[in-house]
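Peer 1: Before I ask anything, here is the structure I am working with.
The numbers here are math on the coordinates, done by the rules we state, and not lab data. No experiment lies behind these values; they were computed from the predicted model shown. With ideal geometry, Cβ positions are generated from the backbone for all residues, glycine too; neighbour counts draw on all protein chains shown.
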Amino acid sequence: MVPNVDLLHSLGVPERRISGLAKFHADVLLRKTEKFQRMTERVIEMGFRPAHHSFTVALRCFSAVSAATWEAKMAAFKSFGVPEDEILLAFKKQPLMMTVSEQKIKKIMALFVSKLNWKPEYVLANSLLLKFSLERRILPRISCCDVLLSKGLMSDKAFNYQVFWLSERRFFETYVMRFQEEHPQVLEAYLSSMK
C-alpha cells in the first residue's frame, strides 16, 4: 500500500483524497504496484487531474472493472449508436457510470431510448440515470409521468432527467400527491409499478 500512496503523493493527489481511499476503498490502494501505476497512467491519459476528486473516483472504477468488462460496457453503449468519444466524455463527468453492470446499461438505455424516445447522447450526458434503481425509481416514475402526460397535466418538455433526480419525497409531493384528489390514477400507476 505504501508505494501506491507515495505514487499518489508524487502526482499531487490531495491528502484528504488519499485518506478517503484508504478509509473507504482500501482495496484500490492494495493493488500490486505495477497494476496501480498502470491504472493511474490510464486515468491521467483520459484527462483526469490528480488534484480533482474525480481522479480518485476514476481510480476506483478502474480498480473494480476489468479490461474485458470495460470493453463489454463500451460495446453496450455503442450498440445504441453512441460514439466512443461521447462515452469517454460522460465517463469523465461521472466515472461511476462504468461500475453499472452491462445488463443494467442495456436495460436502462433501451428503456430511455426506445420507450421515452430520448437520444442516447442525452441519457449519457445525464449518466447518473444509470445509477438509479430500475424497479424502485425509474419505472414507477415513468408510469406516474405517463398518466400525467396522457391527461395533459405535464408537458413533454417537463419530462426530463430531472424527474429522476428528485428525492423520493420531493417527487411524491410534486408529481403524485398534488394530483391525487382529482386524478387518483396517478397514485395507482405509481404504486402498481413498484410491485
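Peer 1: Hey, got the dipole for region 134-192? About the Cα centre, +1 on K and R Cβ, -1 on D and E Cβ, debye to the nearest 20?
Peer 2: Dipole magnitude for region 134-192 comes out near 220 debye.
Peer 1: Shifting gears a bit: Of all trypsin sites (Lys or Arg not before Pro) in region 1-97, which ones are in loop regions per DSSP and have a Cβ with at most 13 other Cβ atoms within 10 Å? Don't skip to the answer; put the middle values down first.
Peer 2: Values: sites: R16, R17, K23, R31, K32, K35, R38, R42, R60, K73, K78, K92, K93; in loops: R31, K32.
Within region 1-97, the qualifying trypsin sites (Lys or Arg not before Pro) (loop, at most 13 other Cβ atoms within 10 Å) are K32.
Peer 1: With a 10 Å cut-off between alpha carbons and a GNM built on the chain, which of I18, I138, I87 moves the most?
Peer 2: Highest fluctuation among the options: I18.
Peer 1: What relative contact order, as a whole-number percentage, does the chain give when Cα pairs under 8 Å and 6 or more residues apart are counted?
Peer 2: Details: 170 pairs, mean separation 28.5, N = 195.
RCO, the chain: 15 percent.
Peer 1: Roughly how many whole Å is it from the C-alpha centroid of region 177-195 to that of region 1-42?
Peer 2: Between the Cα centres of region 177-195 and region 1-42 lies a distance of 48 Å.
Peer 1: Please identify, among M98, M154, M74, the residue showing maximal mean-square fluctuation in a Gaussian network model of the chain using a 10 angstrom Cα cutoff.
Peer 2: Of the options given, M154 has the highest mean-square fluctuation.
Peer 1: State, as an integer percentage, the relative contact order of region 67-131 based on alpha-carbon contacts under 8 Å between residues 6 or more apart.
Peer 2: On the way: 50 pairs, mean separation 25.3, N = 65.
Across region 67-131, relative contact order equals 39 percent.
Peer 1: Another question about this same structure. Just want the ordering: H25, H52, from fewest to most Cβ atoms lying within 10 Å of their own Cβ. Don't jump to the answer; show the numbers that get you there.
Peer 2: On the way: H25 16, H52 13.
In increasing order of surrounding Cβ atoms, one gets H52, H25.
Peer 1: If the convex hull of the alpha-carbon atoms of region 2-64 is projected onto planes in all directions, what is the mean projected area in square nanometres?
Peer 2: On the way: hull surface 14.0 nm².
Across all orientations, region 2-64 yields a mean hull projection of 3.5 nm².
Peer 1: Among A158, A75, A110, determine the one that fluctuates most according to a GNM of the chain built with springs between C-alpha atoms less than 10 Å apart.
Peer 2: A158
Peer 1: Now for a separate question. Nearest 20 debye, what's the magnitude of the dipole of the chain about its Cα centre given +1 on Lys and Arg Cβ and -1 on Asp and Glu Cβ? Write down the numbers at each step before the final one.
Peer 2: On the way: 29 positive and 20 negative charges, 58 e Å.
In total the dipole reaches around 280 debye.
Peer 1: Hey, another quick one. Within the chain, which whole H helices from DSSP have a Cα span along their axis of at least 15 Å and a mean Kyte-Doolittle hydropathy of -1.0 or more, if any? Numbers along the way, then the final one.
Peer 2: Values: long enough: 33-45 (18 Å, -1.15); 53-64 (17 Å, 0.81); 67-78 (16 Å, 0.07); 139-150 (16 Å, 1.16).
Helix filter hits for the chain: 53-64, 67-78, 139-150.
Peer 1: Set the bar at 21 Å for Cα to Cα. Now go through K35/K93; K131/K151; K92/K115; K32/K106; K78/K131; K73/K104 and name every pair that lies beyond it. Mind showing how you got there, number by number?
Peer 2: Numbers: K35/K93 24 Å; K131/K151 30 Å; K92/K115 27 Å; K32/K106 32 Å; K78/K131 18 Å; K73/K104 10 Å.
Table pairs above 21 Å Cα-Cα are K35/K93; K131/K151; K92/K115; K32/K106.
Peer 1: Ranking V176, V186 by Cβ neighbours within 10 Å, fewest first, what do you get?
Peer 2: Values: V176 20, V186 24.
Fewest to most other Cβ atoms nearby, the residues stand as V176, V186.
Peer 1: Follow-up question, since we're still on this one. Translational diffusion coefficient, Stokes-Einstein: compute it for the chain using the Kirkwood radius over C-alpha pairs as Rh, at 20 °C and 1.002 mPa s, and state it as an integer in µm² s⁻¹.
Peer 2: Rounded to a whole number, D works out at 115 µm²/s.
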